[in-house]
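Student: Provided herewith is a single structure, encoded as C-alpha cells, for subsequent inquiry.
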Amino acid sequence: MPLDIPRLVPSAASFIAKNAGTNAGAVQAVLEKFVALARDDCLAGCRSEDRSDITAACWLEVRMFKDKDSEEYKVLPRWHRDGRMFDCACSTDEASVELARYNHRVPHAKYAITLLGPPTRILRATPEVDDLVNSINFWTDEGRREIAEKMQGREEVRLELGQVIRFSFGQKDSPVHSEPDWSGGDRVFVSLMFGSEKELQCMCKWRELEFGRIYEE
C-alpha cells in the first residue's frame, strides 16, 4: 500500500494487541521505531535518482503463530532463501549493481523483527551452505527434507528478541533461514519491504491481492 505510517502502524499495533493480549500503545511505539529504522536504511542503500520512489509504498506483514502450530518446524526446519518479490524498477547500470553487491547492499530488502517468541533461524553463510541450497529445490517436500538433514549441526547466526535483520531477496547469496521452533509459547513476527507504487502493485498482482488494502485474517 502507499506508505502511510500514521494509518498503517496503529492498525498493525491494534491487530497485534488484540490477538496477543498486550498494550497497543507499547506495540505501536516499537513498530514506529522499526519502520523508521528500516526506511532510513533503505534510503541509505539506494541511488540518489531512486530516493523519491523507493519508499513510496510498502508491504507490512504481521504473522502470529500459536504454540500448537510449532511441531512442524521442530521436526523439520524449512531452510530456504526468499525469492524475487516484485520486478525492480530502480535505475541500474553494471557499475552501480557491482558496487551495491560489494557493499552488501541491494536496492530492495525485507526487514524483519520478532516481537514475541524465538527469532528466525539463520544459517551462517559458507560455500558449503550455498552449494547445498543452490543444488536442491527447497520448495518441494522432498527437497525440504533433504536440506534439513544435510544442514543438521551447521552454525547459525544468533539473533536476539527484538533485533532487526535485513534480508536481501532473490539473490544467490540471500540469507538461508527458517521458521524456529516456538513450542511452549506463541510467536509474533513482523516483516516490511519498501518499493515504488509500481513495484508493490506488481507484488500484489502476483499474490492476487488489492494494492492499498489492509488485510486481516
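Student: Which residue is surrounded by the fewest Cβ atoms within 10 Å (Cβ to Cβ), if the candidates are limited to region 2-21 and must be touching a residue at least 24 places away in the same chain (Cβ under 8 Å) and within 17 Å of residue 63 (Cβ to Cβ)?
Tutor: For region 2-21, the residue satisfying everything is 19.
Student: Follow-up question, since we're still on this one. Can you say whether residue 122 is β-branched (Val, Ile, Thr), at pLDDT 90 or above, in contact with a helix residue (DSSP H, G or I) (Cβ under 8 Å, 6 or more places away or on another chain) and not in a helix (DSSP H, G or I), as far as the supplied structure shows? Spell out the reasoning first.
Tutor: Details: β-branched (Val, Ile, Thr): yes; at pLDDT 90 or above: yes; in contact with a helix residue (DSSP H, G or I) (Cβ under 8 Å, 6 or more places away or on another chain): no; not in a helix (DSSP H, G or I): yes.
The answer is no for residue 122.
Student: Just need a number here: residues in region 178-204 that are at positive phi and β-branched (Val, Ile, Thr).
Tutor: Going through region 178-204 one residue at a time, the tally reaches 0.
Student: Now a separate question. May I ask you to verify whether residue 34 is over 27 Å from residue 138 (Cβ atoms) and either hydroxyl-bearing (Ser, Thr, Tyr) or modelled with pLDDT of 80 or more (or both)?
Tutor: Taking the combined requirement at face value, the residue satisfies it.
Student: Here are some residues: 197, 156. Which one is more than 30 Å from residue 18 (Cβ to Cβ) and modelled with pLDDT of 90 or more?
Tutor: Matching residue, one of 197, 156: 156.
Student: Hey, among the residues in region 202-216 that are among the charged types (D, E, K, R) and more than 17 Å from residue 15 (Cα to Cα), which one's surrounded by the fewest Cβ atoms within 10 Å (Cβ to Cβ)?
Tutor: Filtering first and then ranking leaves 208.
Student: Read through the list (1) over 18 Å from residue 61 (Cβ atoms); (2) not in a loop (DSSP other than H, G, I, E, B), then give the number of the only condition that residue 167 fails.
Tutor: For residue 167, the failing item is (1).
Student: Right, something else. Kindly indicate whether residue 189 is in contact with a Cys (Cβ under 8 Å, 6 or more places away or on another chain) and of a type outside the set (Val, Ile, Thr).
Tutor: No, not satisfied.
Student: Would you check if residue 31 is aliphatic (A, V, I, L, M) and either part of a strand (DSSP E or B) or surrounded by 17 or more Cβ atoms within 10 Å (Cβ to Cβ) (or both)?
Tutor: Yes.
Student: Next up: Could you check how many residues of region 55-85 are part of a loop (DSSP other than H, G, I, E, B), at pLDDT 85 or above and either among the hydrophobic types (A, V, I, L, M, F, W, C) or farther than 20 Å from residue 201 by Cβ (or both)?
Tutor: 7
Student: Considering only region 166-175, I want to know if a residue exists there that is at pLDDT 90 or above and touching a strand residue (DSSP E or B) at 6+ places or on another chain (Cβ under 8 Å).
Tutor: Checked against the condition, which is being at pLDDT 90 or above and touching a strand residue (DSSP E or B) at 6+ places or on another chain (Cβ under 8 Å), region 166-175 yields at least one hit.
Student: Give 138, 169 a once-over and let me know the one that is under 30 Å from residue 31 (Cβ atoms) and touching a residue at least 12 places away in the same chain (Cβ under 8 Å).
Tutor: One residue alone meets the criteria, 169.
The values are calculated or read from the model by the stated rules, or taken from the named source; none is laboratory data. Since the model is a prediction, treat every value here as computed from it, not as a measurement. When we count neighbours, we look across all protein chains shown, and the Cβ atoms used for this are built from the backbone with ideal geometry, even at glycine.
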